[in-house]
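Q: Quick one: the structure is below, and I'll ask about it shortly.
The values are calculated or read from the model by the stated rules, or taken from the named source; none is laboratory data. Here the structure is a predicted model, which means the values were calculated and not measured. Please note: Cβ atoms are built from the backbone with ideal geometry, for glycine as well, and neighbour counts cover all protein chains shown.
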Amino acid sequence: MKMKIWWFINIVWLFIFATGAVFIGVRKVDGAGAVQTPEIRMISFAILGIVFIIVVLIQLVFLYFARKSNKRS
């Protein structure tokens, strides 16, 4: 059961990050009114990538504990 929840959460995260990447890629002006240059877009993608790595690490820790508890059951 825990693995099904883990897979569902990963699919949701993948959708969120894909939507964020498309949004960053197509917007011309951000919420503060700054025009999006290629340099600013790359910084935004880098920040999104850092958040993605943090989420992946958290998911891997959860996977470790989920598999560990499945072996005991």
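Q: May I ask you to list pairs of residues, at least six apart or on different chains, whose Cβ atoms are under 8 Å apart, with the first in the stretch 3-16 being β-branched (Val, Ile, Thr) and the second being assigned to a helix (DSSP H, G or I)?
A: 9/59
Q: Looking only at the stretch 1-35, which residues are among the small types (Gly, Ala, Ser) and more than 30 Å from residue 66 (Cβ to Cβ)? Give the steps one after another, and end with the answer.
A: Of the residues in the stretch 1-35, the ones among the small types (Gly, Ala, Ser) are 18, 20-21, 25, 31-34.
Listed by number, the residues that qualify are 25, 31, 32, 33, 34.
Q: I would also like to ask the following. Kindly establish whether residue 35 is exposed (fewer than 10 other Cβ atoms within 10 Å of the Cβ), under 19 Å from the mean Cα position of the chain (by Cα) and modelled with pLDDT of 90 or more.
A: In short, no.
Q: Also, quick follow-up: Return the residues of the stretch 20-44 that are in contact (Cβ under 8 Å) with a residue 12 or more places away in the chain and hydroxyl-bearing (Ser, Thr, Tyr); say none if nothing qualifies.
A: The one that is in contact (Cβ under 8 Å) with a residue 12 or more places away in the chain and hydroxyl-bearing (Ser, Thr, Tyr): 44.
Q: Would you point out which residue out of 51, 26 is at pLDDT 85 or above and either more than 13 Å from the chain's Cα centre (by Cα) or hydroxyl-bearing (Ser, Thr, Tyr) (or both)? Walk me through it before giving the result.
A: Working: 51 fails: either more than 13 Å from the chain's Cα centre (by Cα) or hydroxyl-bearing (Ser, Thr, Tyr) (or both).
Just a single option satisfies the conditions, and that option is 26.
Q: A further question follows. Going through the stretch 29-73 one residue at a time, which ones are more than 30 Å from residue 3 (Cβ to Cβ) and assigned to a helix (DSSP H, G or I)? First the steps, then the outcome.
A: Pass one, the stretch 29-73, residues more than 30 Å from residue 3 (Cβ to Cβ): 29-47.
Correct list: 38, 39, 40, 41, 42, 43, 44, 45, 46, 47.
Q: Consider residue 9 carefully, then state whether it is of a type in the set (A, V, I, L, M, F, W, C), surrounded by 11 or more Cβ atoms within 10 Å (Cβ to Cβ) and out of contact with any strand residue (DSSP E or B) (no Cβ under 7 Å at 6 or more places or on another chain).
A: Numbers: of a type in the set (A, V, I, L, M, F, W, C): yes; surrounded by 11 or more Cβ atoms within 10 Å (Cβ to Cβ): yes; out of contact with any strand residue (DSSP E or B) (no Cβ under 7 Å at 6 or more places or on another chain): yes.
Here the answer is yes, as residue 9 does meet what is asked.
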